[in-house]
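Just below is one structure, and these are the notes that go with it.
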Amino acid sequence: MGDEKKYGHIEIKNVSKRYINLAGEENDAVDNVSLDIKPGEFVSFMGPSGCGKTTLLRIIAGLLKPDEGQLYLDGEEIKGPGYERGLVFQNPELFEWLNVEQNVAFGLKARKVYKEQKENVQKYIDMVGLNGFEKALPHHLSGGMQQRTAFARALINHPKVLLLDEPFGALDAFTRVSLQDRLIELWKSIGYTAIMVTHDVEEAVVLSQKVVVMTGRPAKVSKIFEINQDYPRNRNSIEMVELKQKILEEMQDRKSTRLN
């Protein structure tokens, strides 16, 4: 996948996060999580709904601050958002008044590097398969095309880490599979560390090299599954089916523990 220096090394050390509810009570969301995500890895977070996976992802993005612990990107402490960490949400979050070309170029303009890098706009539009739709406004695009635009907008800044918050959750099954395949192509060709939150076990095992199963809230690391299968992966192979079953069983155990 190219020069490893392009990829980001994420270190999560004893990170905890809590919220204060309307009654003034503290609710733990993430509890003493430590993870070492190697440069260029594709890692997925899974766990019961509401367990704190997205909270952890937003802490890595710098959108939230941990109450305890530290996070590092290539040895530098993460203290806020940065363009070296791209973020793609379940909903594309595009600027409705800007066309595809303008949405993709937005980050370059915000960083004041558009003049030097404007040729990359078309490059990334082509890369996500939107050639011919440069002037289209978001409401003229399908959900899948909007999400492709969101990917191009995140990737044009050459992030070391791409953070994915259920990026295909709102799409139909055919579009979801198509974009999963495209994501792997982009990950292999461009080069970045990928960290994804998903509820879809098949998605996790088809895309990831590691699946981190979290406990119920507050989120702790329950078990890490290593996946040493070549890409592209056969979704229906015996190995994939068995792995999906093991992850589902682990998640069910975590859910049962939470209920008890």
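Things worth noting here:
- Summary value for the range 161-252: 25 percent relative contact order, contacts being C-alpha pairs under 8 angstrom separated by 6+ residues.
- Set of lysines with alpha-carbon distance to K13 below 17 Å, sequence-local pairs under 8 removed: K38, K53, K65, K79, K220, K223
- Mean separation of Cα contacts under 8 Å, 6 or more apart, over the residue count of the chain: relative contact order %: 26
- Report note on the peptides 102-110, 169-177: ranked by the mean count of other C-beta atoms within 10 Å, highest first, their order is 102-110, 169-177.
- Total charge dipole magnitude, the range 1-110, about the Cα centre, Cβ charges on Lys, Arg, Asp, Glu only, Debye to nearest 20: 120
- Angle in degrees between helix 143-155 and the longest Cα principal axis of the chain, rounded to the nearest 10: 90
- Semi-axes of the equivalent ellipsoid for the chain, Cα gyration tensor, largest first, Å: 30, 22, 18
- Dipole of the chain [Lys/Arg +1, Asp/Glu -1 at C-beta], most positive-end residue of T54, P232, V43: T54
- Structure-based [θ]222 nm, the chain - -39500 (n - 2.57) summed over DSSP H runs of at least 4, per residue, nearest 500: -11000 deg cm²/dmol
- Taken about its Cα centre, the range 57-180 carries a charge dipole of about 360 debye when Lys and Arg each add +1 at the Cβ and Asp and Glu each add -1 at the Cβ.
- Mean shadow area of the range 1-121, taken as a quarter of the surface of its Cα convex hull (nm²): 10.2
- For the range 15-126: relative contact order, % (alpha-carbon pairs under 8 angstrom, 6 or more apart): 18
- Calculated on the alpha-carbon coordinates, the convex hull of the range 122-260 measures out at 130 cubic angstrom per residue.
- Counting only DSSP beta bridges with both residues in the chain, the antiparallel share comes to about 55 percent.
- All alpha carbon pair distances within the range 94-144 were sorted into 5 Å bins beginning at 0; the resulting P(r) in whole percents reads 5, 21, 31, 25, 13, 4, 0.
Each reported figure results from applying straightforward, stated rules to the coordinates on display, with no laboratory input. Here the structure is a predicted model, which means the values were calculated and not measured. Every residue, glycine among them, receives a Cβ derived from its backbone with ideal geometry; neighbour counts consider all protein chains shown.
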